[in-house]
Amino acid sequence: MDSKEFREFGKAMIDYVADYMDNIRDRNVLPSVEPGYLEKLVPKDTPELGEDWKSIMTDIERVIMPGITHWNSPHFHAYYPTACSFPSIVGEILSAGLSSIGFSWISSPACTELEVVMMNWLGNLLGLPETFLNSSSGPGGGTIQGSASEATLVGLLSAREKTVKELRENDPSLSESDIRGRLVAYTSDQANSSVEKAGLLGAVPMKHVPADENGCLRGEALQKAIDEDKRNNRIPFYVVATLGSTGTCAFDKLEEIGPICKKEGVWLHIDAAYAGTAFVCPEYRPLMKGVHYADSFNYNPHKWMLVNFDCSAMWFQNVKHLVESFNVDRIYLKHQHEGHAPDYRHWQIALGRRFRSLKLWFTLRIYGVEGIRNHVRSQIALAKYFEELVSGDSRFEVLTSNLGLVCFRLKGDDKLTKDLLQKITEKKKLYLISCYYRNKFVIRFVICSRLTNSSDVEFAWKEISGIANEIIPRKFFENVKMPSISSIADSCKNNGIVGLNDAFSKGAA
Ligand SMILES: *Cc1c(COP(=O)(O)O)cnc(C)c1O
């Protein structure tokens with residue numbers, strides 16, 4: 001393919017993606033295919049002769065689209081959002097075009113230097129303590145990882161090596177294998193599955209400390225677990241606290257956990273994958289009170305901050321521990337500017353790394369602080385709107401409502417809610433998933449797509465309440481209230497939610 005054809009192909013694809021976004025409401029959010037569907041639609045082997053790009057374009061609707069779950073659909077309310085915005089997509093194009101691999105400063109200075117600056121922009125945007133930022137004087141620093149899962153593992157590995165090194169310095173008679181065999185890490189039973197996986201990959205037990213009845217990890221429970229392990233001659237070394245749990249968006253109590261970690265000499269990592277984006281709004285920063293206790297902090301701009309996957313921001317109070325754990329030098333990686341800028345290969349698992357800060361830079365510049373804040377606030381206001389709609393129907397109960405996530409169920413036996421979710425999923429017009437809260441089966445409703453507006457929320461509620469009629473017929477004498485906008489406005493005001501007007505006038509971002 002020459003550059004002339006590339007221009008045509010590329011422009012056709014941009015048009016395709018723009019049309020896809022403009023008309024996304026015409027598609028069911030869930031696909032109707034069965035496993036193995038795709039194999040039947042494509043040849044068994046690579047074509048012998050090269051094809052025309054136009055034949056690829058026509059195959060997108062035929063082969064790919066039938067098997068897409070539309071994460072960008074305003075009717076996608078499952079999991080958590082996947083971020084997607086036009087400036088970020090354009091950033092990915094440039095990154096692909098340059099295709100530089102920025103493992104060291106010299107391998108592409110702009111790749112390292114833009115990332116250094118962007119991580120400071122982001123740290124300030126979230127109101128993180130300055131000790132986390134990249135600077136020539138302090139030991140802190142930030143980098144972009146591929147995912148929150150990797151960040152949790154990277155934190156674990158550096159905590160592990162730091163602990164082994166320090167214990168051996170204190171007591172050279174301790175053998176390395178003895179220390180490694182006694183290490184133990186902690187998280188709550190509400191933590192994301194990736195935290196458990198980090199324990200498996202790092203070959204250390206990851207203990208699940210029971211969260212309280214609100215899904216939060218508390219200091220007392222953590223201390224109890226640590227004390228018990230110490231009595232059994234184990235070595236506690238790593239705690240993963242969650243800000244915004246995947247199930248219900250619960251917040252662990254950092255102000256209780258942090259001092260315990262400090263006292264016990266245990267590395268505290270914070271996983272704020274989804275909720276971290278909310279801290280761009282000062283009114284949500286109280287939720288991260290105690291963040292200064294953390295040794296490492298991570299959140300995913302690729303979830304809620306409009307930067308396409310993958311982009312997971314991670315900061316350290318002291319990068320030295322990380323670099324010492326991960327530094328494997330070879331003569332071919334040496335360069336004359338070592339020590340003056342980070343060689344990010346020491347901060348991550350892989351050697352190679354993409355130019356991910358470009359899409360971050362584009363997105364932050366196009367939206368500005370104001371645009372990002374409006375996005376977050378209006379999505380939270382839309383969740384509040386949904387909560388009000390559910391609360392107005394006496395067959396339903398709302399169990400939790402945090403940021404963009406509302407957990408609700410039909411009153412009564414779990415079976416009713418399970419039936420409801422199954423019927424919703426079968427219709428494919430909405431995508432929601434479940435979780436357990438206080439031993440009850442609940443449906444999670446998350447405002448995910450950047451395109452979701454108040455009409456989409458009303459659409460979702462009409463679908464859900466309509467399907468509920470098949471399970472619990474609404475009594476003919478029962479008046480179901482549709483909340484008035486002014487009652488929602490009052491409710492938002494009482495909850496410090498300020499994005500309502502934007503949410504109703506223009507949708508989110
Ligand atoms: C989504 C999520 C993760 C996983 O994020 P990846 O970037 O896909 O690894 C981890 N922790 C929490 C709390 C999450 O919500």
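The values are calculated or read from the model by the stated rules, or taken from the named source; none is laboratory data. Just so it is clear, the model here is predicted, and its values are computed rather than measured. Because the Cβ atoms are built from the backbone with ideal geometry, glycine has one as well, and the counts that use them run over all protein chains shown. Accessible surface areas use protein heavy atoms only, side chains included; no ligands, DNA or RNA. Shrake-Rupley method; radii C 1.70, N 1.55, O 1.52, S 1.80 Å.
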inquiry  = Nothing charged except the Cβ atoms of Lys and Arg (+1) and of Asp and Glu (-1): what's the magnitude of the dipole of the chain about its Cα centre? Round to the nearest 20 debye.
reply    = 740 debye
query = Within the accessible area of region 101-353, what % is carbon and sulfur when the probe is 1.4 Å and the other protein chains stay in place?
reply = 53 percent
Charge-dipole axis of the chain as Lys and Arg at +1 and Asp and Glu at -1 on Cβ define it, positive-most pick from 257, 149, 486 = 486
ask   = On full extension of the chain, what length is gained from residue 289 through residue 351, given 0.36 nm per residue of separation minus the C-alpha to C-alpha distance?
value = 18.9 nm
key: Karplus 3J(HN,Hα) series, Hz, for region 98-114 with 6.51 cos²θ - 1.76 cosθ + 1.60 (x for Gly, Pro)   = 6, 6, 8, 10, x, 6, 9, 4, 5, 6, 3, x, 5, 4, 6, 5, 5
note = Row for region 101-353, column shape: gyration tensor on C-alpha, a ≥ b ≥ c, rounded if a/c < 1.5 i.e. under 1.5, prolate if a/b over b/c, else oblate; value oblate
query = Pulled fully out, how much extra length does the chain show between residue 15 and residue 212, if you take 0.36 nm times their separation in residues and subtract their Cα-Cα distance?
reply = 65.9 nm
inquiry  = So, R0 is 25 Å and r is the distance between the beta-carbons of residue 56 and residue 101; what FRET efficiency does that work out to, to 0.05?
reply    = 0.40
note = The Rg/Rh figure for the chain, Cα atoms and Kirkwood Rh, to two decimals is 0.99
request  = Please work out the average accessible area per residue across the chain, using the 1.4 Å probe convention, and give it in Å².
outcome  = 46 Å²
query = Hey, if you put +1 on the Cβ of every Lys and Arg and -1 on every Asp and Glu Cβ in the chain, which of 361, 394, 267 ends up farthest toward the positive end of that dipole?
reply = 394
request  = For an R0 of 35 angstrom, estimate the FRET efficiency from the Cβ-Cβ distance between residue 39 and residue 93 and round to the nearest 0.05.
outcome  = 0.70
key: Table column - 3J(HN,Hα) (Hz), region 238-253, Karplus curve with 6.51, -1.76, 1.60, x for Gly and Pro   = 8, 10, 10, 9, 10, 10, x, 5, 5, x, 10, 6, 8, 10, 5, 8
For region 370-503: rounded, prolate or oblate by the Cα gyration tensor [a/c cutoff 1.5] = prolate
task = Identify the GluC sites (Glu not before Pro) of region 125-228 meeting these criteria: DSSP loop state and at most 16 other C-beta atoms within 10 Å of the C-beta.
result = 213
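Arranged from highest to lowest average of other beta-carbon atoms within 10 Å per residue, in what order do the peptides 443-452, 411-420 appear?
Packing proxy ranking, top to bottom: 443-452, 411-420.
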task = Check each of the trypsin sites (Lys or Arg not before Pro) in region 287-324 and keep only those in coil by DSSP with at most 13 other C-beta atoms within 10 angstrom; list them in order.
result = 289
Rounded percent of accessible protein surface that carbon and sulfur make up, region 370-503, 1.4 Å probe = 48 percent
query = Sorted by mean Cβ packing within 10 Å, highest first, what order do the peptides 371-380, 33-42 take?
reply = 371-380, 33-42
ask   = Residue farthest toward the positive end of the dipole of region 101-353, with Cβ of Lys/Arg at +1 and Asp/Glu at -1: which of 109, 187, 123?
value = 109
ask   = Pulled fully out, how much extra length does the chain show between residue 170 and residue 422, if you take 0.36 nm times their separation in residues and subtract their Cα-Cα distance?
value = 84.9 nm
task = Kindly identify region 1-117 as rounded, prolate or oblate by the Cα gyration tensor criterion: order the square roots of the eigenvalues as a ≥ b ≥ c, call it rounded if a/c is under 1.5, otherwise compare a/b with b/c, prolate if a/b is larger, else oblate.
result = oblate
request  = Net charge near residue 357: determine it from the other residues with C-beta under 15 Å of the C-beta of residue 357, scoring Lys and Arg +1 and Asp and Glu -1.
outcome  = +1
request  = Name the lysines eligible as straight-distance cross-link partners of residue 415: C-alpha to C-alpha under 17 Å, and not fewer than 8 places from it in the same chain.
outcome  = 423, 440
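Computed over the Cα atoms, what is the radius of gyration of region 377-421 divided by 2.2 N^0.38 Å, N being its residue count?
Values: Rg = 11.2 Å, N = 45, 2.2 N^0.38 = 9.3 Å.
For region 377-421, the normalised Cα radius of gyration comes out at 1.19.
Rounding to the nearest 20 debye, state how big the charge dipole of region 101-353 is about its Cα centre with +1 on each Lys and Arg Cβ and -1 on each Asp and Glu Cβ. Can you show the working numbers first?
Details: 24 positive and 30 negative charges, 52 e Å.
Rounded to the nearest 20 debye, it is 240 debye.
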key: Cα centre as origin, Lys/Arg/Asp/Glu Cβ charges: region 77-176 dipole, Debye   = 100 debye
